[in-house]
Amino acid sequence: GYAAEMDNPLMAHLISPELQNKKDILFGNMEEIYHFHNRIFLRELENYVEYPELVGRCFLDQMEDFQIYEKYCQNKPRSESLWRQFSDSVFFQECQRKLDHKLSLDSYLLKPVQRITKYQLLLKEMLKYSKNCEGAEDLQEALTSILGILKAVNDSMHQIAITGYDGNLNELGKLLMQGSFSVWTDHKKGHSKVKDLARFKPMQRHLFLHEKAVLFCKKREENGEGYEKAPSYSYKHSLNMAAVGITENVKGDAKKFEIWYNAREEVYIIQAPTPEVKATWVNEIRKVLT
């Protein structure tokens, strides 16, 4: 109703020049998602109409294809900012009128984002009623995989908001974790004054743990609607994982751990929001180091 009309020569006069050739930005890979459901996933699901408890297998078989949602979500901020510029254009109004839609296009562009988050609720609900039956293990595995994809989508949404990093983030390997922490520094080199200050006042930092490096960024809240409210992260510095060490316990606080660099030349005391978050990070860092 909208995408095809953007290519319709009879509608061309309603499309402002700045909007022309921007179809890919506005719709992302929605067509790819549509074809995946229409040609593959829906047909697979129909095989399980009589055996809903076995539907976990269907998810597991197609799990790789679900990555297409990550691509869609990564493009979403660009799509939204384009939509905001042109939402009141005559072209969109005319399409909406023809379709007789009560809601405007942006409500539909949000659908894939809503859909990928619904699957996990659905699988959780099915698990509840399939405890001891054949297929329960597949349902559990499918749920775990979908949650993994949601985490990857969420992490990548944060990662694309990093500003000021000179290199190519893709060269740092997979993004494993990201989150906000209080950080104290204690460096051997440097002014004694800096050391004294460092002990008392923590910095708020957003950490991105990649396979090859950990990035320290400063979070900047943006004003605006929807995705515009999404924060951006200005890059401060990074540590190469090959030279990193870790101390799991800092006395007096179950939420703190230490990351140190170059044989304790630089020490970062990191306080997580909860002991559980700390444990998850310490485990992930350990995995990278070993």
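Taking all protein chains as shown and a probe of 1.4 angstrom, Asp65 keeps an accessible surface of around 60 Å². Overall, the ratio between the Cα radius of gyration of the chain and 2.2 N^0.38 Å, rounded to two decimals, is 1.25. Rg and Dmax of segment 52-175, both derived from C-alpha coordinates alone, stand at 18.8, 57 Å.
Inter-label distance, Leu60 to Ser81: 4.2 nm, where each label sits 7 Å from its Cα along the C-beta direction. For segment 232-273, the set of GluC sites (Glu not before Pro) satisfying both a DSSP loop assignment and a count of at most 16 other C-beta atoms within 10 Å is given as Glu248, Glu265. Remark on Ala213: its backbone amide H falls under 5 Å from those of Met241, a criterion applied only to residues 5 or more positions apart or on other chains, H modelled at 1.01 Å from N.
Projected onto its three principal axes, the C-alpha set of segment 1-97 covers 51, 25, 18 Å, listed from the longest axis down.
Free of any chymotrypsin sites (Phe, Trp or Tyr not before Pro) that DSSP assigns to a loop and that have at most 15 other C-beta atoms within 10 Å, the longest stretch within the chain is 130-290.
The loop-placed trypsin sites (Lys or Arg not before Pro) in segment 124-155, going by DSSP, that have at most 10 neighbouring Cβ atoms within 10 Å of their Cβ come out as Lys131.
Checking the Cα-Cα distances for Lys23/Lys151; Lys71/Lys287; Lys98/Lys151; Lys102/Lys151; Lys212/Lys256 against a 30 Å cut-off, the pairs over it are Lys98/Lys151; Lys102/Lys151.
The values are calculated or read from the model by the stated rules, or taken from the named source; none is laboratory data. Just so it is clear, the structure is predicted and the values come from calculations on it, not from any experiment. Please note: Cβ atoms are built from the backbone with ideal geometry, for glycine as well, and neighbour counts cover all protein chains shown. Just so you know, the surface numbers come from the protein's heavy atoms only, side chains and all, with ligands and any DNA or RNA stripped out. Shrake-Rupley method; radii C 1.70, N 1.55, O 1.52, S 1.80 Å.
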